[in-house]
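S.K.: Please see the structure below; I have some questions.
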Amino acid sequence: MMKNMPKRDGRVNLLFGGIVLLLGAIPLVYWLYFHEVSPEVRPAAERPPAQPQLPEGHPPLEYSKELVALEQMSRSDPQNAGYKTRIGNIYYDMGQYQKAIDAYQQSLALRSQNPEVETDMAAAYHYLGQHDKALQILEGVLSYRPHFPQALFNKGIVLHSGKNDVRGAIAAWEELLRTNPDLPYRAKLEQQISQLKSAER
């Protein structure tokens with residue numbers, strides 16, 4: 001689900017975004033399709049004005065305002081799982097993965113078996129270095145949503161970059177290609193699989 005991460009809506013959430021494949025720090029799940037050009041590479045005239053210096057650990061102002069609003073809405077409607085999910089997404093995009101996990105767990109307590117939320121939560125665990133936990137969650141998703149594209153893609157990422165299991169990653173991605181014939185990044189993934197197989201020879 002992984003952020004130079006874009007804001008989410010109710011989306012993929014990962015799910016789901018574009019794709020950056022392997023061999024480095026790899027954002028999970030489709031994010032390139034929604035990325036804006038990084039401010040660092042924009043011409044100076046196009047860059048947004050600098051924000052005031054914030055205390056260490058303080059969320060960016062745009063996130064801070066949204067978090068305050070969502071927390072208020074969640075207190076007013078505590079059974080609304082969507083608010084918890086959106087809070088989790090913001091923390092995820094900020095790179096505060098444990099807080100994202102906490103919010104996702106609260107969302108799932110209200111609405112269980114949400115594959116998008118669970119896949120994002122698995123990505124957060126992956127970024128915290130808890131790769132086995134991430135795989136456990138992804139396998140759970142695939143048990144009730146077989147061939148769920150985001151879960152299969154992220155499973156390959158965790159196996160490859162987290163567990164150094166290249167063959168397992170290839171198997172997950174080949175299943176993804178087999179069960180999702182209209183995958184938008186199919187050619188890139190096929191090329192990556194071919195490169196990994198060649199490197200193993």
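The values are calculated or read from the model by the stated rules, or taken from the named source; none is laboratory data. Not measured: the values here are computed from a predicted model. In this analysis, Cβ positions are derived from the backbone assuming ideal geometry, glycine residues included, and neighbour counts consider all displayed protein chains.
S.K.: Could we say that residue 103 is under 24 Å from residue 184 (Cα atoms), in contact with a Ser or Thr (Cβ under 9 Å, 6 or more places away or on another chain) and of a type in the set (Gly, Ala, Ser) here?
M.R.: The answer is no for residue 103.
S.K.: If the requirement is being at pLDDT 90 or above, in a loop (DSSP other than H, G, I, E, B) and surrounded by fewer than 16 Cβ atoms within 10 Å (Cβ to Cβ), which of these qualifies: 57, 95?
M.R.: Only one candidate qualifies: 95.
S.K.: Could you tell me which residue of segment 126-141 is farthest from the chain's Cα centre (by Cα), considering only residues that are part of a helix (DSSP H, G or I) and over 20 Å from residue 166 (Cα atoms)?
M.R.: 140
S.K.: Please verify whether residue 183 is of a type in the set (A, V, I, L, M, F, W, C) and either at pLDDT below 95 or not in a helix (DSSP H, G or I) (or both), treating the condition exactly as stated.
M.R.: So residue 183 passes the test.
S.K.: Of the residues that make up segment 109-120, is at least one within 30 Å of residue 177 (Cα to Cα), out of contact with any strand residue (DSSP E or B) (no Cβ under 9 Å at 6 or more places or on another chain) and either assigned to a helix (DSSP H, G or I) or not polar (S, T, N, Q) (or both)?
M.R.: Within segment 109-120, one or more residues are within 30 Å of residue 177 (Cα to Cα), out of contact with any strand residue (DSSP E or B) (no Cβ under 9 Å at 6 or more places or on another chain) and either assigned to a helix (DSSP H, G or I) or not polar (S, T, N, Q) (or both).
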